[in-house]
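Contents: one structure, followed by commentary.
The values are calculated or read from the model by the stated rules, or taken from the named source; none is laboratory data. Keep in mind that this is a model prediction, so the values were computed, not measured. Here the Cβ positions follow ideal geometry from the backbone for every residue, glycine too, while neighbour counts run over all protein chains shown. Accessible surface is based on the protein model in full, side chains and every heavy atom, while ligands, DNA and RNA are left aside. Shrake-Rupley method; radii C 1.70, N 1.55, O 1.52, S 1.80 Å.
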Amino acid sequence: ARFLLMGKIANSRNVLLRAARDHGGDGRGERLRKVADRLERCLVRIQGPDLSLDELRGIEGECGALYFGVFDVLVTSEDAAFRFNGRNRRPPLDPVNCLLSFLYTLLLHDIRGALECTGLDPAVGFLHRDRPGRPGLALDLLEEFRSVVADRLTLSLINLGQVKSKDFRALESGAVLMEDDARKQVILAYQKRKQEEVEHPFLKEKMAVGLLWHMQALLLARYIRGDLDGYPAYIRK
């Protein structure tokens, strides 16, 4: 759980720092850097001795609140429909949360398949509590990839105008749904992102983004078997 959280927090921090560089010296960049500094302090805290699993989850919750507290800064679209006022789910109540939830679901499905191919049980997690029908281990591994894959793709789709406010509709309950044509476009963008090539930070090998969770599943299996002293979480620079 500690290794997984290190990957999640480090990747969230790197997303904020990258956006801060894009904003230059304006107030938004400074706001992002301040939160990135607080996330860095959380990284130090989770490496402390004798932390319980509940304490680690508490730090995770704190980091999530910090990260999504400035997520609106990362949305540069002038369309008021894409204003972000916090993370919500089941159901998502605005287009940004709708996109995030949809991409998390796509990514979770792929990660679950990667774990099964490796011989690991997707239902038995370390960070997430075991519940009937819940893919705890897949959710664990998802944490490493939320910000660097799903969040960054969400921001690209919005900020580059690839999705519009007309691509979403609100139900009487307040839930926001994506139109079918937009859903197909998002899936295509996700598939294209998976084809991009990156260097794996631990293995120092270039591979498609879509192979990263397969590689992490293999590394996790090696750690569980005792072939590795620690689990090298995926951290995107």
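Which of the numbered conditions does residue 105 fail, given that it passes all the others? Conditions: (1) among the β-branched types (Val, Ile, Thr); (2) within 17 Å of residue 163 (Cα to Cα); (3) open to solvent by 40 Å² or more (accessible area, probe 1.4 Å).
Unmet condition: (2).
Go through segment 1-46 and give me each residue that's open to solvent by less than 10 Å² (accessible area, probe 1.4 Å) and of a type in the set (S, T, N, Q).
Correct list: 11 only.
How many residues, within segment 69-85, are assigned to a loop (DSSP other than H, G, I, E, B) and either over 18 Å from residue 159 (Cα atoms) or open to solvent by 30 Å² or more (accessible area, probe 1.4 Å) (or both)?
Let us first name the residues in segment 69-85 that are assigned to a loop (DSSP other than H, G, I, E, B), namely 70, 75-79, 83-85.
Imposing the further condition that a residue be either over 18 Å from residue 159 (Cα atoms) or open to solvent by 30 Å² or more (accessible area, probe 1.4 Å) (or both) reduces the set to 76, 78-79, 83, 85.
Total meeting the criteria: 5.
Within segment 38-64, which residues are in a helix (DSSP H, G or I) and free of Cβ contacts under 8 Å to residues at least 12 places away in the same chain?
Matches in segment 38-64: 41, 44, 54, 55, 58, 61.
Restricting to segment 117-148, and then to whatever is of a type in the set (D, E, K, R) and out of contact with any helix residue (DSSP H, G or I) (no Cβ under 9 Å at 6 or more places or on another chain), can you tell me which residue is modelled with the lowest pLDDT?
Restricting to residues being of a type in the set (D, E, K, R) and out of contact with any helix residue (DSSP H, G or I) (no Cβ under 9 Å at 6 or more places or on another chain), the top hit is 131.
Output the number of residues of segment 202-237 satisfying the condition of being loosely packed, with under 14 Cβ neighbours inside 10 Å and under 17 Å from the mean Cα position of the chain (by Cα).
Count: 1.
Between a first residue in segment 172-188 that is hydroxyl-bearing (Ser, Thr, Tyr) and open to solvent by less than 60 Å² (accessible area, probe 1.4 Å) and a second residue that is outside any helix (DSSP H, G or I) and modelled with pLDDT under 95, which pairs have beta carbons less than 7 Å apart while being 6 or more apart in sequence or on different chains?
none
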